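The values are calculated or read from the model by the stated rules, or taken from the named source; none is laboratory data. Small disclaimer: the values here were computed from a predicted structure and weren't measured. In this analysis, Cβ positions are derived from the backbone assuming ideal geometry, glycine residues included, and neighbour counts consider all displayed protein chains.
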């Protein structure tokens with residue numbers, strides 16, 4: 001439980017850190033939980049020893065001591081495996097099995113119904129507290145490493161089960177751990193699907209090129225933006241007998257120069273400086289910096305990496321000196 005209290009100091013993104021009174025309260029609760037669990041294990045000693053004596057054990061005390069010591073040992077082993085990112089699913093159930101054996105022996109030692117309930121409840125407290133501690137510890141470690149998948153709200157499962165199941169399935173297949181990021185990518189996928197239906201009609205599934213269908217299934221096909229749409233020549237104005245050189249000069253002066261990706265990255269840093277990590281999505285970056293969807297995703301990945309590493313990154317193309325200019329809206 002002490003390790004669990006220490007892990008509380010590293011909250012996941014979006015959750016405010018615990019204050020000192022809250023940390024003190026958590027420490028007191030952890031110590032109390034450890035004390036209550038220890039009392040539960042001690043209280044079962046006599047019942048398990050009596051059962052061992054009936055079964056012919058030469059040293060009856062070895063059975064309760066072995067089971068009661070194995071329960072916290074496997075609990076700590078489960079927490080260490082979680083900490084080292086080597087969690088084993090079956091290890092967490094070993095304390096439960098040992099506790100159920102202890103509870104069964106204690107229930108058998110009770111004379112009446114309430115006595116059986118009292119004898120069986122005490123050793124069960126240890127596993128309940130250890131399971132809570134393991135859940136908190138695993139959640140903090142998963143948030144720090146970015147491997148823990150955020151849960152979808154139960155209300156969404158209740159109100160829209162088919163689409164929610166499809167979203168959860170794509171989060172699992174695409175290895176998307178952020179729920180907000182999954183919603184953004186799902187919105188982009190729906191927009192791309194609408195574009196394909198508008199372009200190819202009702203039979204768009206059979207008329208769409210296979211590469212685009214695969215990209216849509218993988219969530220990589222973004223909706224067609226202004227930069228990706230085919231260039232449409234402007235309408236030809238009617239012939240004007242009097243030329244207007246001033247307007248042509250002004251039109252040339254208003255033409256926007258292309259920005260390099262390093263310039264886009266600098267503008268992205270400035271625009272997202274006050275954003276929270278959950279707000280750092282490709283859709284918002286595209287609106288704020290006015291770039292294409294592809295460049296917005298690249299900027300999102302670089303900015304997220306910068307925040308994780310704590311240092312600004314530079315474009316690979318610019319560092320190699322090829323001077324390739326990125327498209328800007």
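Does residue 70 fit the bill of being part of a helix (DSSP H, G or I) and either closer than 30 Å to residue 308 by Cα or at pLDDT 80 or above (or both)? Write out each step before concluding.
Values: part of a helix (DSSP H, G or I): yes; either closer than 30 Å to residue 308 by Cα or at pLDDT 80 or above (or both): yes.
The answer is yes for residue 70.
Kindly establish whether residue 148 is in a helix (DSSP H, G or I), within 30 Å of residue 17 (Cα to Cα) and within 25 Å of the chain's Cα centre (by Cα).
No: the conditions fail for residue 148.
Which of (1) more than 30 Å from residue 279 (Cα to Cα); (2) at pLDDT 80 or above is the odd one out, the single condition residue 44 does not satisfy?
So the condition that residue 44 fails would be (2).
Return yes or no: is residue 46 surrounded by 16 or more Cβ atoms within 10 Å (Cβ to Cβ) and either in the same structural domain as residue 141 (by TED's automatic domain parsing) or more than 30 Å from residue 148 (Cα to Cα) (or both)?
For residue 46, the condition - surrounded by 16 or more Cβ atoms within 10 Å (Cβ to Cβ) and either in the same structural domain as residue 141 (by TED's automatic domain parsing) or more than 30 Å from residue 148 (Cα to Cα) (or both) - is not met.
The rows are residues; the columns are (1) more than 13 Å from residue 122 (Cα to Cα); (2) surrounded by fewer than 20 Cβ atoms within 10 Å (Cβ to Cβ); (3) touching a strand residue (DSSP E or B) at 6+ places or on another chain (Cβ under 8 Å).
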site: 37; (1), (2), (3): no, no, no
site: 63; (1), (2), (3): yes, no, no
site: 68; (1), (2), (3): no, no, no
site: 76; (1), (2), (3): yes, yes, no
site: 81; (1), (2), (3): yes, yes, no
site: 91; (1), (2), (3): yes, yes, no
site: 99; (1), (2), (3): no, no, no
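Among the residues of segment 78-94, is there at least one that is part of a loop (DSSP other than H, G, I, E, B), closer than 22 Å to residue 30 by Cβ and without any contact (Cβ under 8 Å) to a residue 60 or more places away in the chain?
Looking through segment 78-94, at least one residue is part of a loop (DSSP other than H, G, I, E, B), closer than 22 Å to residue 30 by Cβ and without any contact (Cβ under 8 Å) to a residue 60 or more places away in the chain.
Looking at segment 163-173 only, could you name the residues that are modelled with pLDDT under 90 and surrounded by fewer than 14 Cβ atoms within 10 Å (Cβ to Cβ)?
163, 166, 169, 172, 173
Within segment 4-34, work out how many residues are over 24 Å from residue 83 (Cβ atoms) and either at pLDDT below 80 or surrounded by 12 or more Cβ atoms within 10 Å (Cβ to Cβ) (or both).
Just the residues of segment 4-34 that are over 24 Å from residue 83 (Cβ atoms), to begin with: 19-21.
Now narrow it down to the ones that are either at pLDDT below 80 or surrounded by 12 or more Cβ atoms within 10 Å (Cβ to Cβ) (or both): none.
Result for segment 4-34: 0.
For segment 298-310, does any single residue satisfy the condition of being modelled with pLDDT of 55 or more, over 21 Å from the mean Cα position of the chain (by Cα) and either under 30 Å from residue 178 (Cβ atoms) or not assigned by TED's automatic domain parsing to the domain that holds residue 182 (or both)?
The answer is no, given that none of the residues of segment 298-310 is modelled with pLDDT of 55 or more, over 21 Å from the mean Cα position of the chain (by Cα) and either under 30 Å from residue 178 (Cβ atoms) or not assigned by TED's automatic domain parsing to the domain that holds residue 182 (or both).
Tell me, please, whether a residue that is under 33 Å from the mean Cα position of the chain (by Cα) and at positive phi can be found in segment 115-125.
So far as segment 115-125 goes, no, none of its residues is under 33 Å from the mean Cα position of the chain (by Cα) and at positive phi.
Taking segment 187-215, which residues are in contact (Cβ under 8 Å) with a residue 40 or more places away in the chain and surrounded by 16 or more Cβ atoms within 10 Å (Cβ to Cβ)?
188
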